[in-house]
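Data block below; observations after.
What follows is calculated from the coordinates using simple rules that are stated; it is not laboratory data. All values reported here derive from a predicted model rather than from experimental measurement. Backbone-built Cβ (ideal geometry, glycine too); neighbour counts: all protein chains shown.
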Amino acid sequence: MAESFSVDVVAADRRVWQGRATQVVATTVTGEIGILAHHIPLIAALAPGRAEITVEDGRRMAVAVAGGFLSVSEGGETTIISPYAQLADEISLAQAERDLRQVQKAREDGDLSLETERRYHRALAQVRAAARKV
Amino acid sequence: MAASLRELRERNRSVRATQKITRAMELIAASRITKAQQAAQEALPYTRALNRAVRDVLGHAGVYHPLLIKAPHPRRSAVLVLASDRGLSGAYSSNVLRKAEELFRNLDDKHSERQLYVCGRKAVDYYKYRSRPMADHWEGFSDHPSYADADLIAHVLMEAFLRPYEDGGVDEINIVHTRFVSMLAQETRVRRLLPLEVVEAGGAGRVEALYDFEADTDGTADDAADDAAYGLLDELLSLYVRNRIHFYLMQAAASELASKQRAMKAATDNAQQLIEDLTRQANQARQSQITQEITEIVGGAQALSEVKTRME
């Protein structure tokens, strides 16, 4: 069995998940990255999308991240810092898809305000995370 | 006799009704403080993780970022005032507004123009009434701020900070808010938001991230690694500013609720005092009414018996 390391997923207003995992896969702005135990210290900006955590007991779970960071400390502790992070289990896919369609329409109509952009990234991350529930 | 018995009883009833309201408000405020404190507690892991990341990245020598640049003589300063949406919270909002006036005078002395950003209906009304121009204002979340609210405010403020002075941008941003020290003590204070001064929460490790104008000019960051670091720093710092504002908003909310609870407790106590006074006065009035009636009856009976004796 693969060695485990501690993982912490934090949103701006709460801790989303904390525990030990054997693998974390996330999409950074420069591409996919996989973290195993004893990874070198690292910090990378995340793209809106899903992060996948393989929990110690073999269960896999998805987290929706709308931006933020992935950081690995000296000791290999991994932290996902994402203001609007959410577990895929907490997301209603139908609702997220509806949001996404709405926001996409608003964007096509020329609304590029911060609010819309933020909702777009959130909805995108939610759909990506929830679409494939592992 | 000062007031009739009926009047006194009427007032007693009305004070009792008011007391019920203030007591309810006191209890509501108390339960919401607990919630506000819990929210602040739940935001801590994020704050810690983010601060650690900022410190790690800033630890690399030679990082430079516009949000860290300090203007030697700020020509225009923005002030963000955090007050409450609703009244009935004692001196909470007026303390904040007084502190803000103090800061304005300070800025005037330094010959810095000012730009006003206001949060909370009470403060918005105050400045509107005095026809002070506001660059932007927000209402409706002073006692339950969410991260999304902070996000919005931060976006506006950072844009103002990064805009050149000539286009109406500001050189520094100050924030007037109330720090929640304890249920009994809240402290109104001024903090500089931008340029950033990165301080570890709890004061364990303090990271000075302030650069002078001059020191920046020789910063030579050309290769790809530095570019990547810059992009990362850009994201990190913008999250950092958002989180700071979220933190200030949460502190302000807890302070507002504590202030409201205290004000409502004082009102309830006052009402209790009033009720006791009114009850005493009513009893006195009732007693003197009875005394008077007895005197009248006794007097009347005596007069009657005197008449009777004389007729016999």
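Dividing the summed helix terms, -39500 (n - 2.57) for each DSSP H run of n ≥ 4, by the number of residues in chain B produces a 222 nm estimate of -22000 deg cm²/dmol to the nearest 500. Is the shape of segment B:1-81 best called rounded, prolate or oblate, per the rule: a/c under 1.5 gives rounded, else a/b larger than b/c gives prolate, else oblate, with a ≥ b ≥ c the square roots of the Cα gyration tensor eigenvalues? Oblate shape, in that a/c is at least 1.5 and b/c is the bigger or equal ratio.
Database remark: amide H of residue B:81 closer than 5 angstrom to the amide H of B:117, B:118, B:119, B:176 (H placed geometrically; neighbours at sequence offset of 5 or more, or on other chains; Pro and chain starts carry no H). Ranking of B:144, B:177, B:111, B:65 by neighbouring Cβ atoms within 10 Å, starting from the fewest: B:111, B:144, B:65, B:177. The shape of chain A comes out prolate: with a ≥ b ≥ c from the C-alpha gyration tensor, a/c is at least 1.5 and a/b beats b/c. From the square roots a ≥ b ≥ c of the eigenvalues of the alpha-carbon gyration tensor of segment A:9-85, which class results: rounded (a/c under 1.5), prolate (a/b over b/c), or oblate? Rounded shape, in that the Cα axes give a/c under 1.5. For the protein assembly as shown, the Kirkwood radius over C-alpha pairs fed into Stokes-Einstein at 25 °C and 0.890 mPa s yields D = 95 µm² per second. Which net charge results for the neighbourhood of residue B:95, defined as the other residues with beta-carbon distances under 14 angstrom from its beta-carbon, given Lys and Arg at +1 and Asp and Glu at -1? Here the count lands on +3. Counting only lysines at least 8 places from residue B:128 when in the same chain, those with an alpha carbon closer than 21 Å to its own are B:99. Couplings 3J(HN,Hα) of segment B:246-253, computed from phi: 4, 4, 4, 5, 5, 4, 4, 5 Hz, in residue order, whole Hz [Karplus 6.51 cos²θ - 1.76 cosθ + 1.60, θ = phi - 60°; x for Gly and Pro].
Centre-to-centre separation between the Cα atoms of segment B:46-119 and those of segment B:235-249: 12 Å. Sequence-ordered 3J(HN,Hα) estimates for segment B:176-188 from the Karplus curve with 6.51, -1.76 and 1.60 and θ = phi - 60° stand at 9, 9, 10, 8, 8, 8, 7, 4, 9, 10, 10, 10, 7 Hz, glycine and proline given as x.
Taking a Cβ cut-off of under 11 Å around residue B:286, the surrounding Lys, Arg, Asp and Glu residues balance to a net charge of +2, with basic ones at +1 and acidic ones at -1. Using alpha carbons only, the radius of gyration of chain B set against its Kirkwood radius gives Rg/Rh = 1.31. Structural descriptor for chain A: relative contact order 25 percent, calculated from alpha carbon pairs under 8 angstrom and at least 6 residues apart. Once the Cα atoms are used to define both axes, helix A:93-108 deviates from the longest principal axis of chain A by about 50 degrees.
For residue A:67, the residues whose modelled amide H falls within less than 5 Å of its own, excluding neighbours fewer than 5 places apart on the same chain, are A:49.
Given 20 °C and 1.002 mPa s, compute D for segment A:89-131 with the Stokes-Einstein relation, Rh being the Kirkwood radius over Cα pairs; round to the nearest whole µm²/s. My calculation gives 210 µm²/s for D.
Once you reduce segment B:154-188 and segment B:286-312 to the center of their Cα atoms, the two points are 80 Å from each other. Extending 7 Å from Cα along the Cβ direction at residue B:276 and again at residue A:115 yields two label points whose distance is 5.2 nm.
Can you tell me the orientation of helix B:92-109 relative to chain B, as the angle in degrees between its alpha-carbon axis and the longest Cα principal axis, to the nearest 10? Once rounded, the angle reads 40 degrees. Helix A:114-131 axis versus longest C-alpha principal axis of chain A: approximately 60°, rounded to the nearest ten.
Amide hydrogen proximity for residue B:114: with H placed 1.01 Å from N in the peptide plane, the residues at 5 or more positions away or on another chain lying under 5 Å are B:77.
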